[in-house]
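Presented below is the structure to which this report refers.
The values are calculated or read from the model by the stated rules, or taken from the named source; none is laboratory data. Just so it is clear, the model here is predicted, and its values are computed rather than measured. When we count neighbours, we look across all protein chains shown, and the Cβ atoms used for this are built from the backbone with ideal geometry, even at glycine.
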Amino acid sequence: MLNIVNVRKTFNKGTINEKKALRGVNLHLDEGDFVTIIGGNGAGKSTTLNMIAGVYPIDSGKIEIDGINISREPEYKRAKYIGRVFQDPMLGTAADMEIQENLALALRRGQKRGLGWGIKSEEKEIYHEQLKRLGLGLEDRMSSKVGLLSGGQRQALTLLMATLKKPKLLLLDEHTAALDPKTAAKVLELTNEMVTGEHLTALMVTHNMKDAIAIGNRLIMMNNGKIIYDVAGDEKKNLTVDDLLVKFSEAAGEELSNDRMMLAK
Amino acid sequence: MNGLLTSLMGATAQGVLWGIMALGVYITYKLLKISDLTVDGSFALGGCVCAVLILGGMSPALATLIAIIAGLAAGAVTGILHTVFNIPAILSGILTQISLWSINLRIMSGKSNLPLLNSETIISFFVGRSGSSTIESASGFAKALGMTQSTASLIIGIVIAVVIVAILYWFFGTEIGSALRATGNNEAMIRALGVNTNRTKLLALMISNALVSFSGALVAQSQKYADVGMGTGAIVVALASIVIGEVFFKYARNFALKLTSAVVGAIVYFIIRAVVLRLGMNANDMKLLSAIIVAVSLCIPVVTQRIKEKQAYSEEGGEE
């Protein structure tokens, strides 16, 4: 499904701020894989997701989705295959536009946009149904501006938008990190429902090790721009947070340092 | 009293024609959230191109159409500088605007002013009366209508403004139009949904400047001359119109009404202008007044916010 071969990225090359963000990342995902990614500060978790999405160009290596090489494609073209939810709830939705308008923009992800109506009346029933699934009562506020919603509501909406048109790959970049614990749990539950229910392939960066173990069928640990630990199946299910910390210091030769991760423990 | 009415009529007509420019600026300033300074140049461009072509014997309608296309091209230049070469939008606009000064003089063969006194324009076509006397040279149709220059300008302006508002209302409801609105609202998001935001920005700048140029062509035909300086400060007039319009249509949610507010704002602006000029204000101070209107309207929300924050603070700690 997703195939990443030896992807490297250095920011600010040749300057005093040079930062080797990715030092040869190799990753293969099968159809339906739900992979959680953990790692320390600056490990390259978000950068990996951004490279797949095409936010910045990669220095070398190859990224393929379903055998199609997308390494050199601009971000807006990769959107055809990829649904995304960002860490910042403000980033995933257009505040000045209505809930249904946002959904209509998302339904057309990766499609050619023409001079047909931006939102058709028959679509509204789909949106109503889909919003109901969120259980937030948004289905009765479809013509409200998104700016009136809370961060959690916006993030749930973004999640729905990212999956409204089934993506080949779903990228979740610490998408619950900015939410209060209760809302975060709710959004995470929705995420799990959607990904497993619709058999999506997904990559989820998280700072919560318990979540990383409990959710998905595979776990990846990153450090210093590389994948240092990759575990799946029963072995993954039976992990504990302490196991992960031990694994980390074994593989990285240092203690795991992630401010938020420590707090979440 | 009659003189006042005539001047108010003239101001309203001028306001409607400039309102078309305000619609163009609305697209970049309100929807795309960039300040495009190209418009000072593209407004004059519209007037100059139109005047030269009319004096060269072209039909006024076709001359106006070509003026619109010229504006489209000017917008494209700014758009390419901004999107392809990553030059900040304001600077891209300034570069195009400055180039247009020279280009407009070239278009008018070095003359800074071209009168259209005896030429047929899309407005003169309907004019059959000057003051209270019939114009003998006018067509039978125009004589039958019996409109003066400013009445004709007003009616033609209103018809064109209504048509443009309708077209823009439709366009911004389409898939491309929605993508364009979303570009101004949340660029990262709409790119993640597969829209080439460079293309939407370019398109917005082109449409905007086409409307501005259209307005310039109409104003030149209405005032019967084109001048290389006719666009100077036009951006401020347009912004003042938008700002004034918002005051009148504060609670408008409908997009067509929001567009209309820009045109109404322009009309109010030119009425204010006519009134203060009649009250004896120096015409040269008008640009200062416009700038103050815009600056004050931009300051008000910031200042009220600060006052609110100050009032909300209490040392003892408020109740839950």
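Structure above, values below:
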read-out: So A:Met194, is it free of Cβ contacts under 8 Å to residues at least 40 places away in the same chain and surrounded by fewer than 21 Cβ atoms within 10 Å (Cβ to Cβ); value: yes
read-out: Neighbours by Cβ (under 6 Å, 6+ apart or cross-chain): first from segment B:239-256, touching a residue at least 12 places away in the same chain (Cβ under 8 Å); second surrounded by fewer than 16 Cβ atoms within 10 Å (Cβ to Cβ) and assigned to a helix (DSSP H, G or I); value: B:Phe249/B:Leu257
read-out: Helices (runs of 4 or more DSSP H) wholly inside segment A:146-262 containing at least 1 residues that are farther than 21 Å from A:Gly135 by Cα and among the basic types (Lys, Arg); value: A:209-214, A:233-237, A:241-252
read-out: Scan of segment B:197-230 for residues that are of a type in the set (Val, Ile, Thr), over 12 Å from the mean Cα position of the chain (by Cα) and more than 14 Å from chain A (Cβ to nearest Cβ), ordered by number; value: B:Val228
read-out: Residues within segment A:118-136 that are assigned to a loop (DSSP other than H, G, I, E, B) and in contact with a Lys or Arg (Cβ under 9 Å, 6 or more places away or on another chain), tallied; value: 3
read-out: Selection status of A:Gly54, under 27 Å from A:Ala178 (Cβ atoms), touching a strand residue (DSSP E or B) at 6+ places or on another chain (Cβ under 9 Å) and not assigned by TED's automatic domain parsing to the domain that holds A:Gly151; value: yes
read-out: The listed residue being within 9 Å of another protein chain (Cβ to nearest Cβ), small (Gly, Ala, Ser) and in contact (Cβ under 8 Å) with a residue 40 or more places away in the chain, out of B:Gly194, B:Gly184; value: B:Gly184
read-out: Candidates A:Leu157, A:Leu203, filtered to the one that is assigned by TED's automatic domain parsing to the domain that holds A:Asp30, surrounded by 22 or more Cβ atoms within 10 Å (Cβ to Cβ), under 26 Å from A:Gly54 (Cβ atoms) and modelled with pLDDT of 95 or more; value: A:Leu203
read-out: Residue among B:Phe249, B:Phe255 that is over 15 Å from the mean Cα position of the chain (by Cα) and more than 14 Å from chain A (Cβ to nearest Cβ); value: B:Phe249
read-out: Scope segment B:166-181; condition within 20 Å of A:Met97 (Cβ to Cβ), more than 7 Å from chain A (Cβ to nearest Cβ) and hydrophobic (A, V, I, L, M, F, W, C); matching residues; value: B:Leu168, B:Trp170, B:Phe171, B:Phe172, B:Leu180
read-out: Enumeration of residues in segment B:4-30 that are surrounded by fewer than 24 Cβ atoms within 10 Å (Cβ to Cβ), in contact with a helix residue (DSSP H, G or I) (Cβ under 9 Å, 6 or more places away or on another chain) and not aromatic (Phe, Trp, Tyr); value: B:Leu4, B:Thr6, B:Ser7, B:Leu8, B:Met9, B:Gly10, B:Ala11, B:Thr12, B:Lys30
read-out: Some residue of segment B:218-225 being in contact (Cβ under 8 Å) with a residue 40 or more places away in the chain, crowded, with 16+ Cβ neighbours inside 10 Å, of a type in the set (A, V, I, L, M) and more than 25 Å from B:Ser42 (Cβ to Cβ); value: no
read-out: Per-region count, segment A:123-158, residues more than 23 Å from A:Lys80 (Cα to Cα), away from every other protein chain (no Cβ under 12 Å) and among the charged types (D, E, K, R); value: 7
